[in-house]
Amino acid sequence: MSEVQPDNPYDEDDEPELYTAWTEGAEAAHTDEDIGPVEDLYDDPDVAYAFLKGYTEASRA
């Protein structure tokens with residue numbers, strides 16, 4: 001079964017932190033690892049949001 005990854009909405013050159021957080025979130029959606037509170041992973045709330053967005057979109061794919 002192949003995993004379909006949704007497209008990352010963030011530009012890797014213009015928003016590298018958001019791009020990376022989204023990608024990490026999308027990858028975390030396919031693991032059994034306990035990620036804990038996202039607020040503890042990222043200091044910037046926009047970066048935490050990008051992680052959650054990637055996690056959510058990948059979970060739905």
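The values are calculated or read from the model by the stated rules, or taken from the named source; none is laboratory data. Given the structure is predicted, the values throughout are model-derived calculations rather than measurements. Every residue, glycine as well, gets a Cβ built from its backbone with ideal geometry; the counts of neighbours run over all protein chains shown. In case anyone asks, the SASA skips ligands and DNA or RNA and just uses the protein heavy atoms, side chains included. Shrake-Rupley method; radii C 1.70, N 1.55, O 1.52, S 1.80 Å.
The table that follows gives values for the structure above.
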item	result
Highest-MSF residue in the chain out of Asp11, Asp44, Asp34 [GNM, Cα springs under 10 Å]	Asp34
(1) 29, 11, 4; (2) 18, 16, 8; (3) 31, 11, 6, with the label sought being that of the calculated semi-axes √(5λ) of the Cα gyration tensor in Å	(2)
Computed accessible area, Glu33, all protein chains, 1.4 angstrom probe, square angstrom	140 Å²
Cα-centre dipole for the chain with unit charges at Cβ (Lys and Arg positive, Asp and Glu negative), debye to 20	380 debye
Listed residue (Ala61, Tyr49, Ala29) projecting farthest to the positive dipole end of region 8-61, Cβ model	Ala61
